[in-house]
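Below is one structure. I have some questions about it.
The values are calculated or read from the model by the stated rules, or taken from the named source; none is laboratory data. Please read all numbers here as calculations on a predicted model, not as lab measurements. No Cβ is skipped: glycine too gets one built from the backbone with ideal geometry, and neighbour counts run over all protein chains shown.
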Amino acid sequence: MKQYISIDIGGTMIKYGIIDDNGNILEANEIETEAFKGGEYIFNKIKNICQNYILEKNILGICISTAGMVNANTGEIIYANKSIPNYIGINYKKSFEKIFNIPCEVENDVNCAGLCEAYAGVSQNTHSSLCLTVGTGIGGCIIINNKVINGFSNSGCEVGYMNMFNSTFQDVASTTALVKNTADALNIDKNNIDGKFIFERAKQGDKVCIEQIDKLCDYLAYGIANICYVINPEIVVLGGGIMSQKSYLYDKILNSLGKYLIEPVLKNTKIDFAKHKNNAGMLGAYYNFLNRQNLI
């Protein structure tokens, strides 16, 4: 049985484990990222994880999903925000292939989430997909014929920075924005509430929470519509923590899309919610590895 190390490096947690050649997760663990300690610290933590597995198992490859912008050809982190200091310039692929003498592939976490859905989720067997992850910010991924469109300088589909209403897409349509706006409207500390609180209150009939969720859905639909006019995807896949509220959000987002998309585009664009949640990064990193190694 072929086995691969798969690692998902997030700003808060690192998920890691072993995946076989049928896409089965054989082992899964997680540890805190401790991102504030910086890029070199995280690099050494990932190296130790790989080293321990390679000593114990017959590992054929290292698959990495990570926060930040990645040059997927070279494996280098080319941009990361201040939450992970000194992460720019870290190169897992070059270093690990030299250290362990096995292939390593690295890709951005949202791109991995999109690949996960394309190969084993709701966008499987589609011509093209737009995957959005809605959380602290908004991440985007475009996949055409099972290939990520990275763009000329590896910043393709960085839609969170898209200009909207004198702000950015993620500043008006992320979970962070929902929490802030709801806290302001309720006149409470934003640190005392989260998305779960807002949805629970909305389902109980709280007018403020309902109104803020409706605004979020409208902003999301506005952004989605603009992207769809450019790339015309077969399916839009929505992921991230609050997207687990599919039954509550689906009709609201679809109704708002009806305001912003012309009928020929709307009727030919499927909207769905990500199948894979906690394991999306690990699975996506695995499919990215197989893809870039021409194994699928």
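Exactly one condition in (1) of a type in the set (S, T, N, Q); (2) assigned by TED's automatic domain parsing to the domain that holds N181; (3) closer than 25 Å to N108 by Cα; (4) buried (at least 18 other Cβ atoms within 10 Å of the Cβ) is not met by N288; state its number.
With (1) of a type in the set (S, T, N, Q); (2) assigned by TED's automatic domain parsing to the domain that holds N181; (3) closer than 25 Å to N108 by Cα; (4) buried (at least 18 other Cβ atoms within 10 Å of the Cβ) applied to N288, the lone miss is (2).
Please verify whether E56 is more than 25 Å from I149 (Cα to Cα), touching a helix residue (DSSP H, G or I) at 6+ places or on another chain (Cβ under 9 Å) and without any contact (Cβ under 8 Å) to a residue 12 or more places away in the chain, treating the condition exactly as stated.
Taking the combined requirement at face value, the residue does not satisfy it.
Follow-up question, since we're still on this one. Does I90 satisfy the criteria of being at pLDDT 95 or above, among the aliphatic types (A, V, I, L, M) and under 23 Å from T12 (Cβ atoms)? Full working, then the answer.
Working: at pLDDT 95 or above: yes; among the aliphatic types (A, V, I, L, M): yes; under 23 Å from T12 (Cβ atoms): yes.
Yes: the conditions hold for I90.
Applying the selection to segment 227-242, what residues are farther than 17 Å from D109 by Cα and either modelled with pLDDT under 95 or out of contact with any strand residue (DSSP E or B) (no Cβ under 8 Å at 6 or more places or on another chain) (or both)?
Answer for segment 227-242, where residues must be farther than 17 Å from D109 by Cα and either modelled with pLDDT under 95 or out of contact with any strand residue (DSSP E or B) (no Cβ under 8 Å at 6 or more places or on another chain) (or both): Y229, V230, I242.
Conditions: (1) among the charged types (D, E, K, R); (2) crowded, with 18+ Cβ neighbours inside 10 Å; (3) part of a strand (DSSP E or B). K93 meets all but one. Number of the miss?
(3)
Sticking with this structure for a sec: From the list A113, A80, which residue is surrounded by fewer than 23 Cβ atoms within 10 Å (Cβ to Cβ) and either hydroxyl-bearing (S, T, Y) or touching a residue at least 40 places away in the same chain (Cβ under 8 Å) (or both)?
Going through A113, A80 in turn, the sole match is A80.
Of all residues in segment 4-22, count the ones that are surrounded by fewer than 18 Cβ atoms within 10 Å (Cβ to Cβ) and either on the phi > 0 side of the Ramachandran plot or assigned to a strand (DSSP E or B) (or both).
2
With under 20 Å from G89 (Cβ atoms), surrounded by 18 or more Cβ atoms within 10 Å (Cβ to Cβ) and at pLDDT 95 or above as the only criterion, which of G61, G39 stands out?
Of G61, G39, the one residue that is under 20 Å from G89 (Cβ atoms), surrounded by 18 or more Cβ atoms within 10 Å (Cβ to Cβ) and at pLDDT 95 or above is G39.
Is one or more of the residues making up segment 263-273 part of a helix (DSSP H, G or I), modelled with pLDDT of 95 or more and hydroxyl-bearing (S, T, Y)?
No: segment 263-273 contains no residue that is part of a helix (DSSP H, G or I), modelled with pLDDT of 95 or more and hydroxyl-bearing (S, T, Y).
Being in a helix (DSSP H, G or I) and of a type outside the set (A, V, I, L, M) is the filter here, so list the residues in segment 108-150 that pass it.
Within segment 108-150, D109, N111, C112, G114, C116, E117, Y119 qualify.
Can I ask one more? For segment 200-217, give me the residue count where each residue is touching a residue at least 12 places away in the same chain (Cβ under 8 Å) and crowded, with 19+ Cβ neighbours inside 10 Å.
Selection size over segment 200-217: 6.
Further question on the same structure: Given the options K180, K203, name the one that is out of contact with any Lys or Arg (no Cβ under 8 Å at 6 or more places or on another chain) and either among the charged types (D, E, K, R) or farther than 30 Å from L266 by Cβ (or both).
K203
Filter segment 226-258 down to the residues that are in a helix (DSSP H, G or I) and in contact (Cβ under 8 Å) with a residue 40 or more places away in the chain, then identify the one that is farthest from T175 (Cα to Cα).
Pass one, segment 226-258, residues in a helix (DSSP H, G or I): 226-231, 241-244, 246-258.
Those left that are additionally in contact (Cβ under 8 Å) with a residue 40 or more places away in the chain: 226-228, 231, 241-243, 248.
Values: N226: 20, I227: 20, C228: 22, I231: 25, G241: 8, I242: 7, M243: 10, Y248: 15 Å.
Top of the filtered list is I231.
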